[in-house]
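**Q** Here it is, the structure in full.
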Amino acid sequence: MADDCMLCSAERVTDWLHEDDDCWVAECIVCRTPMVVWRTHGLPEPHDEARLIAHLERIAAERYGDDGYYVDPERRRIPDHWHAHARPAGGFFDPASELYGKY
Ligand SMILES: [Zn+2]
Ligand SMILES: [Zn+2]
């Protein structure tokens, strides 16, 4: 737990789409795409990471269709707390984002 980490504080600024004991999935406040966040501050082992990604994929498939998304594991803003985005195929932001279509 890091005091100044936005993902540790886990404020419910957007709707949560999934939560369990080791992760939660919510819309990213910037991208508005589904984002899975590990509850632990740090980086998981690969087998844990695969399980977390599976939650994200289920929610992304409901939203964008089975082939309508890709998982973006790059942590741009918060590199030391594991999270991953599911983005619409061929895009970066969800159409709900103010930034959609600007990049
Ligand atoms: Zn954190
Ligand atoms: Zn984002």
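**Q** Given a 1.4 angstrom probe, I'd like the percentage of the accessible area of the range 28-83 that is carbon and sulfur, rounded to a whole number.
**A** 50 percent
**Q** Let me ask something else about it. Size of the dipole of the chain about the Cα centre, Lys and Arg at +1 and Asp and Glu at -1 on the beta carbon, nothing else charged, in debye to 20?
**A** 400 debye
**Q** With a 1.4 Å probe and all protein chains in place, put HIS81, HIS41 in order of accessible area, largest first.
**A** HIS41, HIS81
**Q** If you build a Gaussian network model of the chain, linking Cα atoms that sit under 10 Å apart, which residue out of VAL71, VAL37, VAL13 swings the most?
**A** The residue that fluctuates most here is VAL13.
**Q** So what is the accessible area of the range 61-103 per residue, in Å², with the probe set to 1.4 Å?
**A** Using a 1.4 Å probe on heavy atoms only, each residue of the range 61-103 averages 64 Å².
**Q** Using amide H atoms built 1.01 Å from N in the peptide plane, name the residues 5+ places from ARG39, or on other chains, whose amide H lies under 5 Å from its own.
**A** Under 5 Å from the amide H of ARG39 lie the amide H atoms of CYS23, TRP24, each far enough along the sequence or on another chain.
**Q** Let me ask something else about it. Can you give the Kirkwood hydrodynamic radius for the chain, in Å, rounded to one decimal and based on Cα pairs?
**A** 13.7 Å
The values are calculated or read from the model by the stated rules, or taken from the named source; none is laboratory data. Everything quoted here is computed from the prediction, not taken from an experiment. Positions of Cβ are generated from backbone atoms using ideal geometry, with glycine treated the same way; all protein chains shown enter the neighbour counts. Heads up: the accessible areas ignore ligands, DNA and RNA and are worked out on the full protein's heavy atoms, side chains in. Shrake-Rupley method; radii C 1.70, N 1.55, O 1.52, S 1.80 Å.
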